Amino acid sequence: MNKTRTTAVVVAVACLFLGFGLGAVSAQEANGPAGTAQGRPLVASDEFDGTALDTTKWSPYDAKSSNGISHWKPSALSVHDGELRIDGHGKDPTGAANTSGALCWCRGDGDRTYGLWMVRAKFDPGTGYGIAMLLWPQSDRWPQDGELDMVESARPQKNTALASVHWGNPPSGSRDSGKLLGDYTQWHVYAVDWRPDHIKYSIDGKTVYDTRYSTKHPGIPHGPMHLVMQQEPGPFGAPGWIPAPDESTPDHVVMHVDWVRVYA
């Protein structure tokens, strides 16, 4: 299941560089990431404590990546030392020889309507590889059934986190976003709290975006969705989004995931 979102990425670049259309960002929540789930029952999780991916939950991608040139391969995914690793490899400026990984929690009980998804992760720096963690509709109908981007981090330094809501009608729908600067090469807890009347994104308990404070009045999805985690090889999107790798790119650019937890 290859989630290609080229039109959405063009809008994201405009938001990132021009600074408009961004949802309000609140002050930091006092109780941090642990408080985000306070009082919410845990209904599903993966701590990645084993030595192989749990394929009763996760479906690895084996397909062209979002740029239509590079490849997502199951071999780019590994589980060891208590984490999931998604390994990006290759410095081909055209993108054709570059590989990375992607997967969805779309097996078993992965598709859910409403809830709180939390992911503890960190992202290696490196030109030519970007991060996307999102909720995607079980129906595969985009944009009318929505898309909830928990975090996208496209810059080589991994110093910007963009959180977005997609809704509306084809071909491109509407989008609203919030962003937060930081060092995302370090461990952080990313969360999306999806409720019938609003959506809120946070990082370490700090609100990045909340639909209740958006002047665009985003549409809230009401059908089942599942978690997708993917490392996007470049070049992808409009100029300024994910560039092509270059000689500065490390031989391996890794997306590290410590755990995924889902609360009702």
How many residues does the range 93-124 contain that are in contact with a strand residue (DSSP E or B) (Cβ under 9 Å, 6 or more places away or on another chain), surrounded by fewer than 17 Cβ atoms within 10 Å (Cβ to Cβ) and not small (Gly, Ala, Ser)? 4
I'd like the full set of residues that are among the small types (Gly, Ala, Ser), touching a residue at least 40 places away in the same chain (Cβ under 8 Å) and not in a loop (DSSP other than H, G, I, E, B), limited to the range 77-90. GLY88
With the requirement that a residue be open to solvent by 30 Å² or more (accessible area, probe 1.4 Å) and in a loop (DSSP other than H, G, I, E, B), what does the range 57-66 give you? LYS57, ASP62
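So that you can scan it fast, the table gives a plain yes or no per residue for (1) open to solvent by less than 50 Å² (accessible area, probe 1.4 Å); (2) over 14 Å from the mean Cα position of the chain (by Cα):
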site: PRO170; (1), (2): no, yes
site: TYR184; (1), (2): yes, no
site: HIS188; (1), (2): yes, no
site: ASP210; (1), (2): yes, yes
Hey, does the range 37-46 have a residue that's among the hydroxyl-bearing types (Ser, Thr, Tyr), modelled with pLDDT of 95 or more and part of a loop (DSSP other than H, G, I, E, B)? no
Residue check, ASP54 against (1) open to solvent by 40 Å² or more (accessible area, probe 1.4 Å); (2) part of a strand (DSSP E or B); (3) within 26 Å of GLY223 (Cβ to Cβ), all met but one. Which one? (2)
Which of (1) open to solvent by less than 20 Å² (accessible area, probe 1.4 Å); (2) out of contact with any Pro (no Cβ under 7 Å at 6 or more places or on another chain) does LEU180 not meet, given it meets every other one? (1)
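Counting only residues that are over 30 Å from HIS252 (Cα atoms), give me the strands (runs of 3 or more DSSP E) lying completely in the range 187-237 with at least 3 of them. Quick ask: steps written out before the conclusion?
On the way: elements: 188-194, 199-203, 206-210, 225-233.
Strands (runs of 3 or more DSSP E) meeting the threshold: 206-210.
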Across the range 223-262, the tally of residues that are of a type in the set (Ser, Thr, Tyr) and open to solvent by less than 40 Å² (accessible area, probe 1.4 Å) stands at 1
Before we move on, is GLN144 free of Cβ contacts under 8 Å to residues at least 60 places away in the same chain, within 26 Å of LYS57 (Cα to Cα), part of a loop (DSSP other than H, G, I, E, B) and open to solvent by 10 Å² or more (accessible area, probe 1.4 Å)? yes
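Determine which member of the set LEU84, LEU77 is under 18 Å from the mean Cα position of the chain (by Cα), of a type in the set (A, V, I, L, M, F, W, C) and open to solvent by 10 Å² or more (accessible area, probe 1.4 Å).
On the way: LEU84 fails: open to solvent by 10 Å² or more (accessible area, probe 1.4 Å).
The conditions single out LEU77.
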Between ALA161, ALA132, which is modelled with pLDDT of 95 or more, assigned to a strand (DSSP E or B), in contact with a His (Cβ under 9 Å, 6 or more places away or on another chain) and within 26 Å of ALA264 (Cα to Cα)? ALA161
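The values are calculated or read from the model by the stated rules, or taken from the named source; none is laboratory data. Since we're looking at a predicted model, the values are computed, not measured. Note that each Cβ is placed from the backbone with ideal geometry, even for glycine, and that neighbours are counted across all protein chains shown. For the accessible areas, the whole protein counts, side chains as well, though only heavy atoms, and no ligand, DNA or RNA atoms are used. Shrake-Rupley method; radii C 1.70, N 1.55, O 1.52, S 1.80 Å.
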